[in-house]
Amino acid sequence: MSILIGKMKTFMNPFLTVGTRSLITTSNNKAWLGFSKDQEKTSSHSMLLSKDQSVYEIVTDTVIPSQWDSYLQHKKKLVECAASNQQLKGKLMASWTIVTGDTAFKAVHLYKYEQGWTDIDTTRAAIKQDSDYQALYTAGLPVIRQQFTELTKAFSFWPSPDQREGGNVYDIRSYSLRPGSMYDWSMNWSRGIQYRSAVRLDVPYAGLFTQLGQLHTIYHIWCYKSMADRKACREATWHYPEWNDVVANTVPLVKTMKTRILEPLDFSPTQ
């Protein structure tokens with residue numbers, strides 16, 4: 001939770017083999033969303049695309065390498081301190097560390113504010129009155145090189161983040177979209193998520209889009225049992241012919257994309 005200083009500081013599908021795949025663009029504009037593209041002109045994405053009022057905060061800490069163990073110990077205490085104050089409404093859903101695809105010694109934390117912006121306002125006010133939390137937070141700053149916070153909403157057609165068990169790996173794929181392409185992206189992915197879920201229901205973890213931070217950014221978080229499982233599940237998706245359309249129709253909407261592999265920290269609610 002970083003509401004106080006939310007800114008920058010320096011069932012298995014049997015198809016598990018894949019053959020030749022090709023991308024075929026489709027002009028099928030069947031609406032899978034509960035609204036038309038015209039409505040996008042008069043309503044916000046948060047109203048049209050999100051499933052409920054919840055807001056999710058993503059906090060990314062880049063840690064001084066030699067201070068990594070100290071950071072983990074301190075972060076665990078900070079999480080416990082926040083949990084002891086009922087007015088701090090951010091519920092920690094997951095804490096991960098980078099395995100590959102990004103800077104080492106970096107931690108990513110996902111918080112849920114169930115009542116959305118109301119909970120965020122309540123938390124901001126409560127932090128200012130909680131001297132113990134403030135002191136503990138400040139004491140941990142010297143081990144952090146940089147902290148970045150984004151506030152996001154969850155797509156209505158994705159499952160809500162939950163608690164997973166076991167030694168899973170998480171694939172966080174981020175996409176920077178061209179402004180004005182959110183409807184087309186969502187229409188295609190409201191179908192695409194079904195094909196991924198058909199491979200195995202527990203693969204999708206969360207689908208988020210930014211509200212504050214780097215706008216027009218999408219986060220797709222996938223949960224796999226291992227890196228080998230990730231490869232098998234991704235290849236199995238290509239056995240659904242419609243998946244070709246999803247990929248072909250969404251690639252032109254993307255300016256940049258990135259994928260990172262993460263694993264849960266010991267104190268993470270989801271493993």
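Of note:
- Sites ASP69 and ASN244, calculated FRET efficiency, Cβ-Cβ separation with R0 35 Å, nearest 0.05: 0.15
- Basic side chains Lys and Arg get +1 at the Cβ, acidic Asp and Glu get -1 at the Cβ, and with that the dipole of the stretch 64-116 about its Cα centre reaches some 140 debye.
- Coupling constants for the stretch 214-227 follow from the phi torsions by the Karplus curve (6.51 cos²θ - 1.76 cosθ + 1.60, θ = phi - 60°), and in residue order they are 6, 5, 6, 10, 10, 10, 10, 10, 10, 10, 10, 6, 6, 5 Hz; glycine and proline get x.
- Dipole of the stretch 113-271, positive end: most advanced residue of ALA206, GLY116, TYR137 [Cβ charges, Cα centre]: ALA206
- PHE105 - accessible surface, heavy atoms, 1.4 Å probe, Å² rounded to 10: 80
- Per-residue Karplus couplings for the stretch 94-104, computed as 6.51 cos²θ - 1.76 cosθ + 1.60 with θ equal to phi - 60°, are listed in order as 7, 9, 10, 10, 6, 9, 7, x, 7, 4, 5 Hz, Gly and Pro entered as x.
- Whole-number accessible area per residue in Å² for the stretch 82-135, which is evaluated in the context of all protein chains at 1.4 Å: 49
- Shown for the stretch 124-223 is the translational diffusion coefficient from the Stokes-Einstein equation, using the Kirkwood radius over Cα pairs, a temperature of 20 °C and a viscosity of 1.002 mPa s: 133 µm²/s.
- Partner aspartates and glutamates whose Cα lies under 18 Å from the Cα of LYS89, excluding those fewer than 8 positions away in the same chain, are identified as ASP52, GLU57, GLU80, GLU114, ASP119, ASP121, ASP130, ASP132, GLU150, ASP162.
The values are calculated or read from the model by the stated rules, or taken from the named source; none is laboratory data. Treat the numbers as computed from the prediction; the structure is a model and nothing was measured. When we count neighbours, we look across all protein chains shown, and the Cβ atoms used for this are built from the backbone with ideal geometry, even at glycine. The area values use the complete protein model at the heavy-atom level, side chains included, leaving out ligands, DNA and RNA. Shrake-Rupley method; radii C 1.70, N 1.55, O 1.52, S 1.80 Å.
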